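The values are calculated or read from the model by the stated rules, or taken from the named source; none is laboratory data. Treat the numbers as computed from the prediction; the structure is a model and nothing was measured. Positions of Cβ are backbone-derived with ideal geometry, glycine not excepted, and every protein chain shown enters the neighbour counts. The accessibility values were calculated without ligands, DNA or RNA, using every heavy atom of the protein model including side chains. Shrake-Rupley method; radii C 1.70, N 1.55, O 1.52, S 1.80 Å.
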Amino acid sequence: MSVTTKLEAFILQTRQVEEEKIQMNQEIIIKEIPEILIASIRFKGKYQDVSEAFRNLFKNYGRYCNGAPFSLYYDNDYKEDDADIEACVPVKTVVESEGIKCRKLAGGKAVTVIHHGPYETLGQSYQLIFDYLNENHRQISIPYREVYLKGPGLILPRSPKKFVTEIQVLLEKGN
């Protein structure tokens, strides 16, 4: 192996170790999530179908957006094809459109974690939250939220390794 090849292998290995450290150093945070005004599209389908719903939301509400887009998941467990999903964008004002609803989304106390990396690895972060909830005997309220702090990018594509998603699981009131 040449010195250059060894150096490239070392750099690659170091990057992988750093990425694993970032994912393993996730911190559970309990915080208050405020009530917000949203525009949303609720549907049943595959998780990746949410992309089309967001395209529709941004096309109709882009100028009214007031924060990071997020999804609400109404199922208690993972569903391959028939997941109950709501794609949401926070908005400044109520503007009605066909197939898109505007409403206030209740807030509350939530257990959260910031996930770094592709959406395919979100399960690890969910496991971290649910382990915490079970260990601390906390009751939750559905839907779960995934707030897309850094996603694919609308104009310039972004590497899935650079995605940042906040998972929020609301606690039952009084819990």
**Message:** Could you check region 131-175 and list, in sequence order, the residues that are at positive phi and over 18 Å from the mean Cα position of the chain (by Cα)?
**Reply:** 137, 174
**Fill in**
Those residues of region 130-165 which are within 24 Å of residue 44 (Cβ to Cβ), touching a strand residue (DSSP E or B) at 6+ places or on another chain (Cβ under 7 Å) and crowded, with 16+ Cβ neighbours inside 10 Å amount to 140, 143, 144, 145, 146, 147, 148, 165
**Message:** Every residue in region 43-61 that is open to solvent by 40 Å² or more (accessible area, probe 1.4 Å) and either of a type in the set (Gly, Ala, Ser) or in a loop (DSSP other than H, G, I, E, B) (or both), please.
**Reply:** 46, 51
**Asked** If residue 79 passes every condition in (1) under 25 Å from residue 157 (Cβ atoms); (2) part of a loop (DSSP other than H, G, I, E, B); (3) basic (Lys, Arg) but one, which one does it miss?
**Response** (1)
**Message:** Take residue 111 and tell me if it is closer than 23 Å to residue 152 by Cβ and in contact (Cβ under 8 Å) with a residue 24 or more places away in the chain.
**Reply:** no
**Prompt:** Is one or more of the residues making up region 93-104 open to solvent by less than 80 Å² (accessible area, probe 1.4 Å), among the polar types (S, T, N, Q), part of a loop (DSSP other than H, G, I, E, B) and touching a residue at least 40 places away in the same chain (Cβ under 8 Å)?
**Reply:** yes
